[in-house]
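Enquirer: Provided herewith is a single structure, encoded as structure tokens, for subsequent inquiry.
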Amino acid sequence: MISEPLNNEWVVWAPAKVNLYLEVLGKRADGYHELNTLMMSLNLYDTIRFREEESEVITLRCTNPTLSTGKDNLIIKAAKLLQLHTGCTRGISIHLEKRIPMGAGLGGGSSDAATTLTTLNRLWQLNLNHEQLNQLAAQLGSDVPFFLTSNAGWCTGRGEIVQPLTCPRPFWYVLICPHFGLSTAEVYGQLQVPRNPRDGEEILQAVRQGHVEKVRPLLFNRLQEPAEQLRPELTKFMSLLQQESPTGVLMSGSGTTVFAMCRDQGQGHTMVHRVRHALQAFPGVRTYLVRSSM
Ligand code: C5P
């Protein structure tokens, strides 16, 4: 989502995502894993402000002091990749209001990167088409192309090949974001690749129908078990959600966010209230009631 510029400043909202399904099909020669995953974006956003500069310099400031604003930040990487690819020498001053928890499997960094590519493509008048942006996005990370494309997608390859999905209604989720993160590479490192991978056709159809009661028991994430082995506390957070909702509980991406898919908004309100109460003893753990973007 991008606003029209005000006082030469463009304000853009970069959404989080959850994975409703993630199956690993095998390990590839390049070290990545081949997968099938179903992602949906959420109404939980980072806000990014872009201000044009006279100089060629790219600068980033962030509300979260623990996030690097240097060349390892995906926003800086995205801006520099665009400059390198197009020869553009224009500068930009970027301000990131970080709301999406980090290292949490919610795709915040990837979403910020995708948003930077699309915004600077417009702002610097680079005229790259979707396919060109997609190629740059895939260089920045496996999840980045998803955020260029759609609110919901069936993603294959290492996650970068995105088939947009239409879901006729929003889904409601209660998220628990633990006070610790996990490294994606470490979780994949702990994984046992399945001999007989699952087929996601059933959940794909249920999401296309917007049929929440069909989707809930079909939620699946192959990375959940290795993540729980690395951080056994995740099992506790999941069983807390399962007390409220025996089916429809899953970890997102490579963790550490765990979520319950709610029957409806009303159940979500009740659940988030009770979960917040139960988590009072865990400082730093955050809970959210969110819905998928339409
Ligand atoms: O693509 P991205 O930078 O998000 O990946 C981070 C790490 O996660 C990779 O270096 C790799 O170790 C692991 N990964 C993987 N298979 C994928 C996606 C990520 O093994 N499909």
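Enquirer: Quick one: residue 195 ticks every box in (1) closer than 19 Å to residue 152 by Cα; (2) without any contact (Cβ under 8 Å) to a residue 12 or more places away in the chain bar one, so which box is it?
Expert: (1)
Enquirer: If you don't mind, there's one more thing I want to ask. Only one residue in 98, 77 is away from the ligand (no atom under 15 Å from the Cβ), of a type in the set (D, E, K, R) and closer than 27 Å to residue 254 by Cα. Which one?
Expert: Answer to the check: 98.
Enquirer: Could I ask something else about it? Within 16 Å of the ligand (Cβ to nearest atom), within 16 Å of residue 104 (Cβ to Cβ) and not polar (S, T, N, Q) - does that describe any residue in the stretch 31-39?
Expert: Scanning the stretch 31-39 turns up at least one residue that is within 16 Å of the ligand (Cβ to nearest atom), within 16 Å of residue 104 (Cβ to Cβ) and not polar (S, T, N, Q).
Enquirer: Right, something else. Just one of the numbered conditions (1) within 15 Å of the ligand (Cβ to nearest atom); (2) touching a residue at least 60 places away in the same chain (Cβ under 8 Å); (3) buried (at least 18 other Cβ atoms within 10 Å of the Cβ) is not true of residue 152; which one?
Expert: (1)
Enquirer: While we're here: Filter the stretch 105-118 for residues that are crowded, with 23+ Cβ neighbours inside 10 Å and over 13 Å from residue 15 (Cα atoms) and give the result.
Expert: The answer is 117, and nothing else.
Enquirer: A further question on this structure: Checking residue 98 against (1) farther than 20 Å from residue 144 by Cβ; (2) touching a Ser or Thr at 6+ places or on another chain (Cβ under 8 Å), which single condition isn't satisfied?
Expert: Evaluating residue 98 over (1) farther than 20 Å from residue 144 by Cβ; (2) touching a Ser or Thr at 6+ places or on another chain (Cβ under 8 Å) leaves (1) as the failure.
Enquirer: Taking interchain pairs and intrachain pairs at least six residues apart, which have beta carbon atoms under 7 angstrom, with the first residue in the stretch 119-142 and over 21 Å from residue 72 (Cα atoms) and the second of a type in the set (S, T, N, Q) and surrounded by fewer than 19 Cβ atoms within 10 Å (Cβ to Cβ)?
Expert: From residues that are over 21 Å from residue 72 (Cα atoms), the pairs are 126/86.
Enquirer: Failed condition for residue 69, given (1) modelled with pLDDT under 95; (2) β-branched (Val, Ile, Thr); (3) in contact with a Lys or Arg (Cβ under 9 Å, 6 or more places away or on another chain), with all others met?
Expert: Among (1) modelled with pLDDT under 95; (2) β-branched (Val, Ile, Thr); (3) in contact with a Lys or Arg (Cβ under 9 Å, 6 or more places away or on another chain), residue 69 violates only (1).
Enquirer: For the stretch 236-294, enumerate the residues that are part of a strand (DSSP E or B), out of contact with any helix residue (DSSP H, G or I) (no Cβ under 6 Å at 6 or more places or on another chain) and under 22 Å from residue 187 (Cα atoms).
Expert: 250, 259, 286
The values are calculated or read from the model by the stated rules, or taken from the named source; none is laboratory data. Keep in mind that this is a model prediction, so the values were computed, not measured. Note: ideal-geometry Cβ built from the backbone for every residue, glycine included; neighbour counts use all protein chains shown.
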